[in-house]
Each structure stands twice: as structure tokens, then as C-alpha cells.
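K.L.:
Handing you this structure, nothing more for now.
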Amino acid sequence: SHARSRSTLEIPIFWFIHSDALMIDKHYQAKALSDMVIVVQSDPHSWESHLQCNGESLLWDLRSPTKAAVAAASEHLSGLLPLHLVYSDAHETAIEDWIWSVGCNPFSVTSRGWKISQFQRDTIARSYVVTALEESIQHVNSAVRLLIMEET
């Protein structure tokens, strides 16, 4: 069956619609979880977010969570993260560096863009190549371990 095929990945996306403003974890219209993506859609078309640019609050259109849904699905599929998240060696954790939140794509909080950029598509492709190589190495190492145990 195609459900067990390595070339097929089914992602449950749950899309909740509510008349009142509804967010996930206080600030998100969509969230990637380990086994699904959750999206919320609400009536307000101009919602003042917790983020600011040049001292002005960014406004979100809660009626159209497409951008957030694409970002969450991309994160679920490939581990793609927003550009403003960077790893800090000093803190040994991810930190926010908003200078990198640029471009017209789903991961830029200052734009309305919902299309994955060429850079992000390349990043996703590299991620798949690295994952395939790691899996291949694991299979070869398993085979080598089995061969070592065989008597000659």
C-alpha cells in the first residue's frame, strides 16, 4: 500500500474555525507537532500581534492563516525553522535574532508572503539528502556488523 511507501508521507492537518480570536500557545495561528499540524482560523481580519516593527504593532489577518499553515507544514515535513531562530553556543539553545527575519515568505513575520523561497526549497532538499545519507550509512553499518559476526 502507498501508506507504507518511503516516497509518501501523510500529514494530518487539523483546521479549526472559530468566530472569536483563537490562537495556539497564545501567539500562533498554526503549529507543527510531532505527528500533525494544527491550524486555527478566526473572524478578526486585523488582529494586533505581540510583535512590533518600528514601534508599531504588526497586524495579523486571522481569517487567512494560509501563511502560518504553510510554515507549520514545512517545519513538520523538513524541520525548516524561521530565519530569526539561531543557535547560540554561549547559551546552548536557540535564540531569536530578528535581523534575519527578512524576505517575503511564510517564516518572515514582517511580510504577508506565503510561498517558500528558493533558498528554503534548497534547504529542504539538502535536509532530505542528508537524511537519506544518514539512513544509508546506518544500513551499511548494520550490514557490516552482521558480516563481522559471520564465521568464515
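K.L.:
What tally of residues in segment 110-136 results from selecting those that are among the aliphatic types (A, V, I, L, M) and part of a loop (DSSP other than H, G, I, E, B)?
P.N.:
So the answer is 1.
K.L.:
Of everything in segment 118-135, what is small (Gly, Ala, Ser), within 16 Å of the chain's Cα centre (by Cα) and at pLDDT 90 or above? Give them in sequence order.
P.N.:
Answer for segment 118-135, where residues must be small (Gly, Ala, Ser), within 16 Å of the chain's Cα centre (by Cα) and at pLDDT 90 or above: just ALA125.
K.L.:
Still on this structure: In segment 66-92, which residue that is among the small types (Gly, Ala, Ser) and not in a helix (DSSP H, G or I) is surrounded by the fewest Cβ atoms within 10 Å (Cβ to Cβ)?
P.N.:
ALA90
K.L.:
ARG6 versus (1) of a type outside the set (A, V, I, L, M, F, W, C); (2) part of a strand (DSSP E or B); (3) modelled with pLDDT under 95: which is the lone unmet condition?
P.N.:
(2)
K.L.:
If only one of ARG126, ARG112 is loosely packed, with under 15 Cβ neighbours inside 10 Å, among the charged types (D, E, K, R) and touching a residue at least 24 places away in the same chain (Cβ under 8 Å), which one is it?
P.N.:
Answer to the selection: ARG112.
K.L.:
Collect the residues in segment 27-60 that are surrounded by fewer than 17 Cβ atoms within 10 Å (Cβ to Cβ), part of a loop (DSSP other than H, G, I, E, B) and touching a residue at least 24 places away in the same chain (Cβ under 8 Å), keeping them in residue-number order.
P.N.:
LEU33, MET36, ASP43, listed by residue number.
K.L.:
Ok, one more. Within segment 99-109, can one find any residue that is outside any loop (DSSP other than H, G, I, E, B) and either of a type outside the set (Asp, Glu) or within 29 Å of ASP43 (Cβ to Cβ) (or both)?
P.N.:
Looking for residues that are outside any loop (DSSP other than H, G, I, E, B) and either of a type outside the set (Asp, Glu) or within 29 Å of ASP43 (Cβ to Cβ) (or both), one finds at least one in segment 99-109, hence yes.
K.L.:
Which numbered condition trips up ILE99, out of (1) over 17 Å from the mean Cα position of the chain (by Cα); (2) at pLDDT 90 or above?
P.N.:
All conditions pass for ILE99, except number (2).
K.L.:
Just wondering, is there one or more residues in segment 45-63 that are on the phi > 0 side of the Ramachandran plot, modelled with pLDDT under 95 and out of contact with any helix residue (DSSP H, G or I) (no Cβ under 8 Å at 6 or more places or on another chain)?
P.N.:
Yes, segment 45-63 contains at least one residue that is on the phi > 0 side of the Ramachandran plot, modelled with pLDDT under 95 and out of contact with any helix residue (DSSP H, G or I) (no Cβ under 8 Å at 6 or more places or on another chain).
K.L.:
Another question, then. Could you tell me whether ILE95 is closer than 30 Å to THR131 by Cα, without any contact (Cβ under 8 Å) to a residue 24 or more places away in the chain and assigned to a helix (DSSP H, G or I)?
P.N.:
Here the answer is no, as ILE95 does not meet what is asked.
The values are calculated or read from the model by the stated rules, or taken from the named source; none is laboratory data. Please read these numbers as outputs of a predicted model, since none were measured by experiment. Here Cβ is always computed from backbone atoms with ideal geometry, including for glycine, and neighbour counts include all displayed protein chains.
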